[in-house]
1. Output the 0 to 90 degree angle, nearest 10, between the alpha-carbon long axis of helix 38-57 and the longest principal axis computed from the alpha carbons of the chain.
2. For the residues E139, E7, what sequence is obtained by ranking on other C-beta atoms within 10 Å, fewest first?
3. Step through the table entries K36/K63; K71/K141; K39/K140, compare each Cα-Cα distance with 32 Å, and write down the pairs that go over it.
4. Can you give me the C-alpha center-to-center distance between the stretch 53-84 and the stretch 126-174, rounded to a whole angstrom?
5. With springs connecting C-alpha atoms under 10 Å apart, model the chain as a Gaussian network and identify which of D147, D161, D24 has the largest mean-square fluctuation.
6. Compute, for the chain, the length of the dipole vector about the Cα centre, with Cβ point charges of +1 (Lys, Arg) and -1 (Asp, Glu) only. Units Debye, rounded to 20.
7. Does the stretch 65-174 classify as rounded, prolate or oblate by the C-alpha gyration tensor (a ≥ b ≥ c root eigenvalues; a/c under 1.5 gives rounded; else a/b over b/c gives prolate, otherwise oblate)?
8. Once both axes come from the Cα atoms, what is the angle between helix 159-170 and the longest principal axis of the chain, in degrees from 0 to 90, rounded to 10?
Amino acid sequence: LAAGYSEYLSVIDQMRRTLGTSLDPHAAYLTLRGIKTLKIRMDVINRNAEQIAEFLEGHSKVKRVYYPGLKTHMDHEIARRVLKGFGGVISFEIKGGGEEVMKVMKSLKIIIPAQTLGGVNSIISQPSTMSHRSLTVEEKKVVGITDSLLRLSVGIEDVNDLIEDLDRALNSIT
């Protein structure tokens, strides 16, 4: 599905034919069906993420939270002006290292360890061993990836259940 200036659409159409990026009928149906509820899902995700970010920021086992919806985020004012919501991805560093991160991830009951982002289910990942595992230690340092960093993609589950899950998992570390 694409809309825009015809000169751009002709390039997109050529790429689609060359690369075979056409959707099969069922995938197109699912896309059209999903678009109808996208705003509702994103509203819930944004609301959940804001509450979870605030919870994490006040947790004793969390060293730092990266979420543009927090007033403490360096780009909060810009994000507030240009975004309709702050999104559903929160990165945070826990006190400790890789061992503590693994303990937290294994202690979660609702939030699933995985690398994907943006679904209706909440997932969590450790970028240093998952999405960014191929980077050297120096490259990870340059982009701010530490062993204590977790990335949470917030879904549409009940926010209180998600906060309880995170609280229980974080409190499992010493």
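1. So the inclination is approximately 20 degrees.
2. Details: E139 11, E7 7.
Taking fewest neighbouring Cβ atoms as first place, the list is E7, E139.
3. On the way: K36/K63 39 Å; K71/K141 25 Å; K39/K140 34 Å.
K36/K63; K39/K140, as the Cα separations exceed 32 Å there.
4. 15
5. D24
6. Details: 23 positive and 21 negative charges, 33 e Å.
Roughly 160 debye, rounded to the nearest 20.
7. Values: a/c = 1.62, a/b = 1.09, b/c = 1.49.
In terms of gyration-tensor shape, oblate.
8. Rounded to the nearest ten degrees, it is 50.
We did not get these values from a lab; they are worked out from the coordinates using the rules stated. Fair warning: this is a prediction, and the values are worked out from it, not measured in the lab. No Cβ is skipped: glycine too gets one built from the backbone with ideal geometry, and neighbour counts run over all protein chains shown.
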